[in-house]
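The values are calculated or read from the model by the stated rules, or taken from the named source; none is laboratory data. Because the structure is a prediction, the values reported are computed rather than measured. Here Cβ is always computed from backbone atoms with ideal geometry, including for glycine, and neighbour counts include all displayed protein chains. The protein model used for the area step is the full one, side chains on, heavy atoms only, and it has no ligands, DNA or RNA in it. Shrake-Rupley method; radii C 1.70, N 1.55, O 1.52, S 1.80 Å.
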Amino acid sequence: MLRTGSLLLFSLPAVPLFSQSGRQAGGECPVVRPNIVYIMTDDHTAQMMSCYDNRFVETPNLDRIAQDGVRFTRSFVANSLSGPSRACMITGKHSHKNGFTNNEHGIFDGSQQTMPKLLQAAGYETALIGKWHLVSTPTGFDHWEILPGQGDYYNPYFIHMDGSRSLDSGYVTRIITDKALTWLDHRSAEKPFAIFIHHKACHRAWLPALDDLRLYEDRTFPLPAEFHDNYVTRAAASQTEMEIGKDMDIVYDTKMFVSPEETPRTRLSGAYQGMIGRLSKEERRRYDDFYVPLSRQFYQQWGTDYNFLPLQSQSSQEGSRDAQLLEWKYQRYMRDYAKVVHALDVEVGRVLDYLEQHGMLDNTLVVYTSDQGFYMGEHGWFDKRFMYEESLSTPLVMHLPKGYERRGEIDEMVQNIDYAPTFLDLAGAPIPADIQGVSLLPLLKGKAATKQDKQAIKNWRDAIYYHYYEYPAEHKVRRHYGLRTERYKLIHFYGHDVNTWELFDLKNDPHEMHNLYGQPGYEALQRQLHHRLETLQIQYDDPQR
Ligand code: SGN
Ligand code: CA
């Protein structure tokens, strides 16, 4: 492997010639230097994707990617928060190495080595459309158009390469796709390309496209098994502000709003008006036609003096007013989120159709993933951040270029730091030694796997490392780091007077309800996991230990 550094850019071997048409298939051998279409959504979780779990929604286009290609069953992030996750993805390094540890104080150092820059150096044309969230100006892209900060769902602003802003009409998921397809229409005919399509959906507050407002309204979603969690044995989990019951805002999140006069004052109603205030008069009429009758009904039924008890009290009062209200909020949350996912699915379908119609599917890797997973009522929560399964995981499905014959499920543990080395490997570019992820190509080759690939699969990692930093902050999730192996998870919550450990047996306790740390009978396992965690921290050179 090569030593790293910017010098690398000048010492690259001559780029192998891209096929004349730029679209030639490689026969039995994997296609050389295929294009890359990387679609990353925001907060889209595997529970809301039918190829992962069909309890909740239908996502035929996302499923198409999995059906024709591969679906990773153990796909994780290194830090379950937007900016940090994106920084891990484009650098192939953990947060302490790329420097962007949290959304609140981070500014990504765009002068550092990144995968898009290395792809450019390897002869790829690169583009980024949509949510960026790394504060500094994007580097490493021949073309970019980004949303400011979190961006808006309705009639959003975009920032352009010359620093100008435009106000685009319509729904953000559609606009991002339109911009991506326009770029594809005008891309260079001479070079392979890598386009990064970064959606805002399905980030809070889950605002649906106006055409989709009535979808999923007749559906009653099942409650997750551990919806009424009492957080016993898990101190950090009991201290958060991400409970659907007490922390999800009636106006801002569930959209129960009639008018400033008729709607009781809640802490975020101004922010809500900011979001829907972006709609034109006619659009607002369509929006209100749907939400205002629901809101009137809500306030008639529940009054305006509702006060949420903490979840622990609600669970002991099944059938009580609070428990009913909690379930009502859960249904509204699920319905709106499902609508937002629907638009996402349709728009991903448009990208797939484009690639198919232009005969590009054979020489393009299509990746669909998210910046992290999300809680859909598991543990009574929304949001993410924790190293528990739902937010540590992120969906990952891929449509493979010709010659990569692996199909179906891939069970090896993979992480978002692996995308950078994978794309570089695919581009035939050297993988710098300081990249901490590993190339996933050996897992994708199927019959074309070499002896070396088979060896890599045999020696695949037995554990992943995770580190979350954003505290004190919104939702109040404590700082923590830990490791996950095939079967166990060890987590250390630290900082600000907290110093607690958690240990879970994922086989016997998949919902992570029973912290086994310090329990008799687990001494040897605990020692082993501590040791493995320390070796991972040394391997990744994390000073926090
Ligand atoms: C916003 C949201 C939070 C969310 C963070 C981080 N609040 O601050 O609920 O956890 O983003 O999300 S909101 O009132 O502004 O919607 S991230 O995906 O960008 O990391
Ligand atoms: Ca996110």
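For the reader, a short list of remarks on this structure follows.
- Expected-Rg normalisation [2.2 N^0.38 Å, Cα atoms] applied to region 116-231: 1.34
- Region 438-493: translational diffusion in µm²/s, Stokes-Einstein, Kirkwood Rh over Cα pairs, 37 °C, 0.692 mPa s: 236
- In the chain, a dipole from Cβ-located charges (positive for Lys and Arg, negative for Asp and Glu) runs towards its positive end, and of LEU62, TYR419, VAL341 it is TYR419 whose Cα lies farthest in that direction.
- Taking the convex hull of the alpha carbon positions in region 31-165 and averaging its projected area over all directions gives 10.1 nm².
- 25 Å Cα-Cα threshold exceeded, pairs from LYS281/LYS339; LYS200/LYS476; LYS339/LYS384; LYS179/LYS200; LYS117/LYS454: LYS117/LYS454
- Taking N as the residue count of region 379-425, its C-alpha radius of gyration divided by 2.2 N^0.38 Å amounts to 1.50.
- Placing a label point 7 Å from the Cα of HIS186 along the Cα-to-Cβ line, the residues of region 112-127 whose backbone N sits under 20 Å from it are 124-127.
- The listed peptides 169-179, 534-544, 126-136, ordered by packing as a protection proxy, come out as 126-136, 169-179, 534-544 (highest mean of other Cβ atoms within 10 Å first).
- Residue order by solvent-accessible surface for GLU523, GLU470, GLU125 is GLU523, GLU125, GLU470, largest first, with ligands and nucleic acids left out and a 1.4 Å probe.
- Accessible surface area normalised per residue over region 460-513 is 37 Å², counting heavy atoms of protein chains with a 1.4 Å rolling probe.
- Working note: 222 nm ellipticity from helices only, DSSP H runs with n ≥ 4, each -39,500 (n - 2.57), summed and divided by the residues of the chain, gives -9000 deg cm²/dmol to the nearest 500.
- Cα pair distances exceeding 18 angstrom across region 478-539, given as percent: 33
- Packing around the peptides 259-267, 240-248, 184-192, taken as the average count of other Cβ atoms within 10 Å per residue, puts them in this order, highest first: 240-248, 184-192, 259-267.
- When both bridge partners sit in the chain, DSSP labels roughly 55% of those beta bridges antiparallel.
- SER164 sits with roughly 50 Å² accessible to a 1.4 Å probe, with DNA, RNA and ligands left out of the calculation.
- Taking the protein heavy atoms of region 469-545 in the context of the full set of protein chains, the accessible area attributed to carbon and sulfur is 49 percent at 1.4 Å.
- The chain: proportion of alpha-carbon pairs further apart than 46 angstrom, %: 12
- When each of the peptides 351-360, 488-497 is scored by how many other beta carbons lie within 10 Å of its residues on average, the order from highest to lowest is 488-497, 351-360.
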